[in-house]
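This report refers to the structure that appears directly beneath it.
The values are calculated or read from the model by the stated rules, or taken from the named source; none is laboratory data. Everything numeric here is computed off the predicted structure, so don't read it as measured data. Counting neighbours? That spans all protein chains shown, and the Cβs are built from the backbone with ideal geometry, glycine included.
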Amino acid sequence: MASSLISGLLKMGVSAENLRVADPEPNPLAAQWKVQCYTDHLTAIDGANIIVLAVKPQILPEVAKYIATVMPSSPPLFISIAAGIRMADITRWLGTNQPLPIVRVMPNMPAMVGSAASALFAGQYVSEIQRELAENILRAVGLTVWLEDEAQIDAVTALSGSGPAYFFLIMEMLEKSAIALGLPQESARLLTLQTAFGAAKMALESQEDAATLRAMVTSKGGTTEQAINTLQTGGLQDLFDQALYAAQQRAINLAKQFGEQ
């Protein structure tokens, strides 16, 4: 995600001189993007107006507690993209009693190709200017939406955070079914991918909802109707309800575990 954000920001015209990367391991990002790269977090964040916490959830407590040792009197905006980490826990790890402007973000893997779906939630101490800055950063890699309640991030995690895997699974199954019907593997793959892309493009560019678009493709008594009836009779909606609920509950449970650290 850090690489995707750097790439997107540079394409937007942000100067590489304004971007710093902190990573204790040898990092190819500096060579790839010509950004400033440091092995020490404190050196990297010195004087920064915005700190993006683009680390794995398991190491965020350690990173935040390290940052807390040099917290300035006027704290920067913190943007956390660590899944399952509550704002209250980030504040606690940063170890300060002063108000901290924090924005939580749940992006997803298509950020790698500039097509992310990112949901943001701003804490009460985030100014309007800081909201705009956070939104601009995430817009560098795709679409953004704002949430009204931090708890909604768990639902976003289940939907768009994990969502690319659902679509990959559907594409995988469609391809296998098409091969079973007699299509060559490469033809099945290309037709599956283009159909998925075309359907998504139509939905994004249309004013109609998904149900209406589906009805447009589904002629009465036709082949599509037969396929849709089979899927609905098989309980596809119930399966998706169960799947997203399971993902949401896992996100909630993970957050509880991190909160105990």
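Structure notes:
- Options Arg86, Arg92, Arg131; residue that is closer than 19 Å to Gly8 by Cβ and basic (Lys, Arg): Arg131
- Of all positions in the stretch 59-76, none carries a residue that is buried (at least 19 other Cβ atoms within 10 Å of the Cβ), in the same structural domain as Glu128 (by TED's automatic domain parsing) and in contact with a Lys or Arg (Cβ under 7 Å, 6 or more places away or on another chain).
- A single entry from Met216, Met173, Met202 fulfils the requirement of being of a type outside the set (Val, Ile, Thr) and either touching a Leu at 6+ places or on another chain (Cβ under 8 Å) or modelled with pLDDT under 95 (or both): Met202.
- Test result for Gln257, surrounded by 13 or more Cβ atoms within 10 Å (Cβ to Cβ) and out of contact with any Phe, Trp or Tyr (no Cβ under 6 Å at 6 or more places or on another chain): no
- The stretch 141-157, residues that are within 24 Å of Pro76 (Cβ to Cβ) and crowded, with 21+ Cβ neighbours inside 10 Å: Val141, Ile153
- Summed over the stretch 87-126, the residues that are of a type in the set (A, V, I, L, M) and part of a strand (DSSP E or B) give a count of 9.
Every residue, every condition in (1) in contact (Cβ under 8 Å) with a residue 60 or more places away in the chain; (2) under 19 Å from Ile137 (Cβ atoms), yes or no:
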{"site": "Ser4", "(1), (2)": "yes, yes"}
{"site": "Gly8", "(1), (2)": "yes, yes"}
{"site": "Glu17", "(1), (2)": "no, yes"}
{"site": "Val21", "(1), (2)": "no, yes"}
{"site": "Asp40", "(1), (2)": "no, no"}
{"site": "Ile50", "(1), (2)": "yes, yes"}
{"site": "Val55", "(1), (2)": "no, yes"}
{"site": "Val63", "(1), (2)": "no, yes"}
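- Any hit, the stretch 152-160, residues being closer than 17 Å to Ala54 by Cβ, of a type outside the set (S, T, N, Q) and touching a strand residue (DSSP E or B) at 6+ places or on another chain (Cβ under 6 Å): yes
- Selection count where residues are surrounded by 14 or more Cβ atoms within 10 Å (Cβ to Cβ) and farther than 19 Å from Ser115 by Cβ, scope the stretch 162-210: 8
Quick grid of which residues meet (1) within 30 Å of Trp93 (Cα to Cα); (2) over 19 Å from the mean Cα position of the chain (by Cα); (3) modelled with pLDDT of 95 or more; (4) in a loop (DSSP other than H, G, I, E, B):
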residue: Ala165; (1), (2), (3), (4): no, no, yes, no
residue: Thr224; (1), (2), (3), (4): no, yes, yes, no
residue: Tyr245; (1), (2), (3), (4): yes, no, yes, no
residue: Ala251; (1), (2), (3), (4): yes, no, no, no
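- Candidate set: the stretch 1-23, residues that are crowded, with 16+ Cβ neighbours inside 10 Å and among the charged types (D, E, K, R); chosen: the one modelled with the highest pLDDT: Arg20
- Contacts under 7 angstrom Cβ, first residue in the stretch 151-171 being within 11 Å of Leu244 (Cβ to Cβ), partner surrounded by fewer than 20 Cβ atoms within 10 Å (Cβ to Cβ) and among the β-branched types (Val, Ile, Thr), 6 or more apart: Asp154/Ile252
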